[in-house]
Each structure stands twice: as C-alpha cells, then as structure tokens.
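Student: Got a structure here, written out as structure tokens. Questions coming.
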Amino acid sequence: MAGDTLLAALLALVDLVIYAGGLDNDMPTPAWYIAFPIDLAVVAPLAFRRKRPLLAAYLVYVFAYLHGALELGVSSVAALAVSLYSVLVYVGRKQGLLYAGALVVISTVSAIAKPDPAWAPQVAFSVFMIAFCWILGEFMYARRAYQRELEARLHLLETERDQAARIAVAEERGRIARELHDVVAHSVSVMVVQADGAALALSANPELAGRALKTISETGRSALGELRRLLDVLRGDRGDGEPRVPQPDATALGDLAERMRGAGVPVDLELGTDLKGLPAGVSLGVYRIVQESLTNTLKHAGTGARAHVRVQRVGDAVEVLVRDDGAGRRLEQVGSKAPRLSVAGGNGLIGMRERANVYGGTLEVGPATGGGWQVHAVIPARLNS
C-alpha cells in the first residue's frame, strides 16, 4: 500500500500544480475547497487497489466522471487506466471486460454531454489507454497465473518428496523390525531350550548343565549386541562409540550351525563354494531364512531331531534347503513327493517369505518326504563383478 499511496499522492500533486497554474480560461475556475477534495477523492482509492480492486476501481469511476466534467486535470484519466489494469490483474478477465465497457460508456456520455471539435484525438487517446492497460494487465495476469501454477507444483513436489521419505523410513523400520524378530526369536528359543536342559541335568550331570549355561550366556550376549546395533540404526546415532559389526551373511552359516549344535540340534551343513560374492541383501536373506528354519526345528521338531542345511548356487539363483527329520512326527505321504505349501504361519514364516519375495524368489514350506519339515527357497541373484 505504501507504493500505491505514493502513486496516488503524485497524481494528486499533478492536478494541484495544474490548478495552481490556472485551468482553461474558457471555463470558470472551481473554488479550491471544491477542486481539492475532488482531486483527492479520485486518486485516494488507488491506495487499496490491490486489497479491494473492484471497490477501488468503481470509486475511481464515480469520482472520475465529476473530475472530468469540471476539467480539474489529468489524474482522472490516469486513475481510470490504473483501475482497469488492477481489475484485470487481481480479479480476472470477466470483471476487466465489464470495467472496460463502463469506461466506454463514460467516455460516450461525456462526448455527448459536451461536444468537442477535437473529439477524434480524444477518442484515439482513450482507445490507446484502454488497449495499453489491457495488454499490460493480460501480461501480468498470465505471469501471476504461471507463478501460482509453479508454486503449486513446487508444493506438490515437496509433498511427494516428504511422503517418499516417510515411506522409506517406514520400510526401513519394517525391515529392522523383522531383523529384531529374527534375532530375538532365534536367541530366546536357544536360551529357553538350554535353560530347560540345564534344569534337567543340574543334579545328574553338572558338567552338561554348565555347558548349557555357558551357551545361554554366549547367546544372550550375541543377541544383545545385535539388538544394540539395530537400535542404534533406529536412533540414527553411533551409540557409545563401539565399532560397528556387519550384518551376518551366508558365510556365517557355519557359526550358526555350531550354535545350534551347542543348543542340542545336530546340523549337517552343506555349502556351495561360490557364496562369498553374493549381494549383501541376498546373503543376509539367506542367513535369516536358515536361522529362522533352524529355530523352528529347535522349537517344534521334538527331542532327537536332526537338521540338514544345503545352500548352493544354481545358475543365477541361490537355493536354500533346510530339512529336519521331525523325530516322532513322521507323516504318511501319498506318492513320492511331499506337498509343500506357502503357508501363512507366524511372523517367522512371513518374514522368510518376504525376504524371498523382495528379490523375486519363491519360498515353499511344508512336510518333507518321509516325515519332518522342509523349507525350500530359491532367490535370484547374480554374483558381483
């Protein structure tokens, strides 16, 4: 409003200078207490032409007719031109056309009421002023519309970026939640089985009970270490400065088998020779599938069950086969092949299926031929170059 107020003051000053220098000698000069208020009234609405463009424009229109009839100067013509521009830019083309029509009407009425031999130059000047203000207003209107569209698109892009960031965070937290489930489920299962064995062997075989308690201690420390590392990732800090330990991969399956043997489940491990170059995500998925399968064997296969693990490359894929004999749980099978299902299962089976699906692999879980339980996964993967 400061700039618009200054514009109005300058137009009023021009009329006051014209009045002080003397008006047309053929016309009686209005008294100053009539001329000054009209000069101010015709330009004063320009001060709020941006906030209330229509009101300001039609106030200028009313006072401009009186100002022109008394021939008090040129501010009425300039104020009408600025008003037409303001209506077109800040309101729209429809109201701009109506206002331009009103200007034509007032010009026609003035010409009829006071015929002038030099009407042609006046008409040409009026047409030029209206056309100039219209073209300038159209340009500014298009520019403001483009700016609004650009701002809307930028806002949309920022919203999509924020939404994508939130989705990425949610996916990462879901992945970490699955990691936490794998760690906790495996470690707690081992600790529970070892604790039960230690309680039974405490009086009859103290040495065996001691080994079981040692296994519980080592498993608990390992689980706490993995939990601390994964929680540090969730917090986004580096904890207390302890060195980072990488996530396990397929090369750590030997250590996993040793821990399961210590927990009381004999594990036969058969590993291919070309597993070291697997992509990190695929290698971690293989490890977690085997870990969850052996944990289920420990919990559900029964006393005396054995497990066989085979992980090998088959073309451009990694094949994982975990099978236990399910002692005491032999199922009658029809035919030579046991049916395998993609069962829903608990969180463990859901996690295994997701780890396989994320790389376009498959997972089959179900009873094995001759009894027991079998987990069979095939995950596409190419060796890193």
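Student: Kindly state, to the nearest 0.05, the FRET efficiency for Glu151 paired with Lys299, given R0 = 35 Å and r defined as their beta-carbon distance.
Tutor: 0.05
Student: Another question, if that's okay. What ranking of Phe36, Phe139 emerges when the number of other C-beta atoms within 10 Å of each C-beta is taken as an exposure proxy, fewest first?
Tutor: Placing the least packed residue first, the sequence is Phe139, Phe36.
Student: If you don't mind, another one. Could you list the GluC sites (Glu not before Pro) in the range 269-332 that lie in coil according to DSSP, counting only those with at most 16 other Cβ atoms within 10 Å of their Cβ?
Tutor: Working: sites: Glu270, Glu292, Glu319, Glu332; in loops: Glu332.
For GluC sites (Glu not before Pro) across the range 269-332 that sit outside H, G, I, E and B with at most 16 neighbouring Cβ atoms in 10 Å, the list reads Glu332.
Student: Moving on. How many nm separate the modelled label positions at Phe125 and Thr29, each set 7 Å beyond the Cα in the direction of the Cβ?
Tutor: It is 2.1 nm.
Student: For Glu160, what is the net charge nearby, where nearby means another residue's Cβ is under 12 Å from its Cβ and Lys, Arg count +1, Asp, Glu -1?
Tutor: Result for the local shell: +1.
Student: Quick one: net charge of Ala8's neighbours, Cβ under 12 Å, K/R +1, D/E -1?
Tutor: Summing Lys/Arg as +1 and Asp/Glu as -1 gives -2.
Student: Would you mind checking the range 32-60 for residues with the amide N under 19 Å from a putative spin-label position 7 Å along Cα→C-beta of Ala2?
Tutor: Within reach of a label on Ala2: 46-51.
Student: Right, here's the next one. Pulled fully out, how much extra length does the chain show between Phe132 and Ile112, if you take 0.36 nm times their separation in residues and subtract their Cα-Cα distance?
Tutor: Fully extending the segment from Phe132 to Ile112 adds 4.7 nm.
Student: Separate question: What is the sum of charges around Arg313, taking Lys and Arg as +1, Asp and Glu as -1, for the other residues whose C-beta is under 9 Å from the C-beta of Arg313?
Tutor: Here the charged neighbours net out to -3.
Student: Another question, if that's okay. If I model a spin label at Phe139 and Ala20 as a point 7 Å from the Cα along the Cα→Cβ vector, what separation in nanometres do I get?
Tutor: A separation of 3.4 nm, rounded to one decimal place.
Student: Quick one: if you stick a label point 7 Å off each Cα along the C-beta vector at Leu54 and Leu227, how many nm between them?
Tutor: Distance between the two pseudo-spin positions: 6.8 nm.
Values quoted throughout were computed directly from the atomic coordinates according to the rules given, and no laboratory measurement underlies them. In this text, all values refer to a predicted model and were calculated from it rather than measured experimentally. Methodologically, a virtual Cβ is constructed for each residue, glycine included, from the backbone with ideal geometry; neighbour enumeration extends over all protein chains shown.
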